[in-house]
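The values are calculated or read from the model by the stated rules, or taken from the named source; none is laboratory data. On a predicted model such as this, the values are computed, not experimentally measured, just so you know. For neighbour counting, all protein chains shown are included, and Cβ atoms are generated from backbone atoms with ideal geometry for every residue, glycine included. Remember, those area values only see protein heavy atoms, side chains included, never the ligands or the DNA or RNA. Shrake-Rupley method; radii C 1.70, N 1.55, O 1.52, S 1.80 Å.
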Amino acid sequence: MKRFLIYTIIAAAAVCAASKRVQAQMKSSYFMEGSIPRLDMNAAFVPQRGYVNIPVVGNLGFGLNSNYLSVKNFLYPNPEGSGLVTFMHGSVDASDFLSRMRNRNHLNFSVRDNIFGFGAFAKRYFWSFGLNLRSETSMTIPKEFFEMAKRFNEGTYDLGGFNLESDNYLEFAVGFAFPVRILEKRVDVGFRAKGLLGAAHASMNIESMRASIDGTEWRADMQGTFTGNITAMDFSRLHGQMNLADVFDPENREFSMKRIGSWGLAFDLGAETRFLDDRLKVSLGVNDIGFVSWSKKSAVTGTFDNLSVSYRGYNFDAKKGEDDIYFDSPDSVMVTIGTPKASTRMLTATLNVGAEYNILHEAIGFGLLSQTRFYSDYTSTELTVSANFRPSRWFTGTLSHTLVQNRLGVFGVALNVHPSWINLFLGMDYVGLRYAKSRDSSLMLPLGMKSLNFYFGLAVPLSKPKACGRFPDRTKRCR
């Protein structure tokens, strides 16, 4: 049982580190003027050419991060030699380990996939359209869980506070950008409107979980609530007590187009201008200001009481397991179905503020980006510094480092190849340089990382703006 807990926790942290809702935007691409992914970060940004994204792979990205969990918080130097030991090792002080945990530890995962998208210049405007699949999932783990895993003494632990949230929806986006004059200063402004169609929502909140350790048994008794919403699915016949597995079994549910009713609205705003003879670019973008309203027509809610699970076969006094470790759970998780209700959830809004100073006729630029994400229960801010290289009209490379969430030793890299016939983008914001090997495994684990993301983009370029004077970017766009 204890080994099971060790590997479960380390695996979760390693996925997070090697790799709350996650950063759904590629920060390293913010100052890469030829790249398509950067358009999602500021509605005022305009590419060097129009484009048509390759369906499904035109702009694909995923991310995973945490507010405080990383492999480094769970692995320690081996006092007996080389390698690392887990936080469960006797040489690791419990107080030191627990001081690294927050009261509420967040894990977040997001996926963004552009199913279809294009952008084109029309007179003094740049228009863009995108059909995107968005998925955002977050989990909260209380500090008491790690205390129980570390101390593992006989007794009772209060582990209430686990929760899981997941929103999945389609996004139809239409945007435009154009130059204006404000106090004799040229400013590029942009606006993007988004219509949202809810696909699926799930949430589970474990309000109470009492875990007890006694002899050779570990037992947890839980109480909580759950909510589900799957568009077009009919839950209206559900009532009373039933098996949780049967609630979401497609074979037991009916689909009806009349029950498609989950929707939402959102918008993005952006602006960019220049100073110091156009060497200094300053920009501001606000994204995903909006909501998703989940209809009660395709919703189901319920509660579960006195749900118990247990492990048997582990000798806690001897600190070793028997030949067989048993996992006991009910044959069916019984839940009580409640009255479905409509719910409205705000999106995770993002504020991007950037500045870049260019030298050598903009062949090299040094950028600073502040990104703040507004979650439902907390706010997260990261600062990213970058060096941006533009040795030719069709190639851009960026090296970056994100502060606040990560220490030195974690860098980002992005490459954009954009000649007249293709636009290819690859990038990661978090690439670790420090790795270590566990004492019991040859697996190399990244240290000091709390986040991972990866973006890939592939598009077919269109023509440049016909009248460069209407979009005088004063860069390679009009050359």
Next item on the list: Looking only at the range 145-162, count how many residues are more than 14 Å from ARG210 (Cβ to Cβ) and open to solvent by less than 30 Å² (accessible area, probe 1.4 Å).
Entry: 4
Check: Within the range 100-107, can one find any residue that is at pLDDT 75 or above, buried (at least 18 other Cβ atoms within 10 Å of the Cβ), within 30 Å of TYR357 (Cβ to Cβ) and of a type in the set (A, V, I, L, M)?
Finding: no
Item checked: Matching option when the condition is surrounded by fewer than 21 Cβ atoms within 10 Å (Cβ to Cβ), within 30 Å of TRP218 (Cα to Cα) and more than 18 Å from the chain's Cα centre (by Cα), among SER203, SER208 -> SER208
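Among the listed residues GLY240, GLY215, identify the single one that is at positive phi and at pLDDT below 80. Before you say what the answer is, go through the steps one by one.
On the way: GLY240 fails: at pLDDT below 80.
From the options GLY240, GLY215, the qualifying one is GLY215.
Please work out if ALA220 is assigned to a strand (DSSP E or B) and open to solvent by 30 Å² or more (accessible area, probe 1.4 Å). Spell out how you get there, then give the answer.
On the way: assigned to a strand (DSSP E or B): yes; open to solvent by 30 Å² or more (accessible area, probe 1.4 Å): no.
Against the criterion (assigned to a strand (DSSP E or B) and open to solvent by 30 Å² or more (accessible area, probe 1.4 Å)), ALA220 does not qualify.
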Margin query: Tally up the residues in the range 255-274 that are open to solvent by 90 Å² or more (accessible area, probe 1.4 Å) and either more than 26 Å from PHE291 (Cα to Cα) or of a type in the set (Phe, Trp, Tyr) (or both), please.
Written below: 2
Checklist line | Residues satisfying the stated conditions in the range 293-306, i.e. part of a strand (DSSP E or B) and either open to solvent by 30 Å² or more (accessible area, probe 1.4 Å) or in contact with a His (Cβ under 7 Å, 6 or more places away or on another chain) (or both) | finding: TRP294, THR303, ASP305, ASN306
Item checked: Residue that is surrounded by the fewest Cβ atoms within 10 Å (Cβ to Cβ), among those in the range 341-371 that are in contact with a helix residue (DSSP H, G or I) (Cβ under 8 Å, 6 or more places away or on another chain) and at pLDDT 90 or above -> GLU362
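Could you grab me the full set of residues in the range 133-144 that are under 23 Å from the mean Cα position of the chain (by Cα) and surrounded by 18 or more Cβ atoms within 10 Å (Cβ to Cβ)? Before the answer, list the steps.
Initially, the range 133-144 is screened for residues under 23 Å from the mean Cα position of the chain (by Cα), giving 133-143.
Within the range 133-144, ARG134, SER135, GLU136, THR137, SER138, MET139, THR140, ILE141, PRO142 qualify.
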Next item on the list: Would you check which residues across the range 275-292 are in contact with a strand residue (DSSP E or B) (Cβ under 7 Å, 6 or more places away or on another chain) and either open to solvent by less than 50 Å² (accessible area, probe 1.4 Å) or assigned to a loop (DSSP other than H, G, I, E, B) (or both) and list them?
Entry: ARG279, LEU280, LYS281, SER283, GLY285, VAL286, ASN287, ASP288, GLY290, VAL292
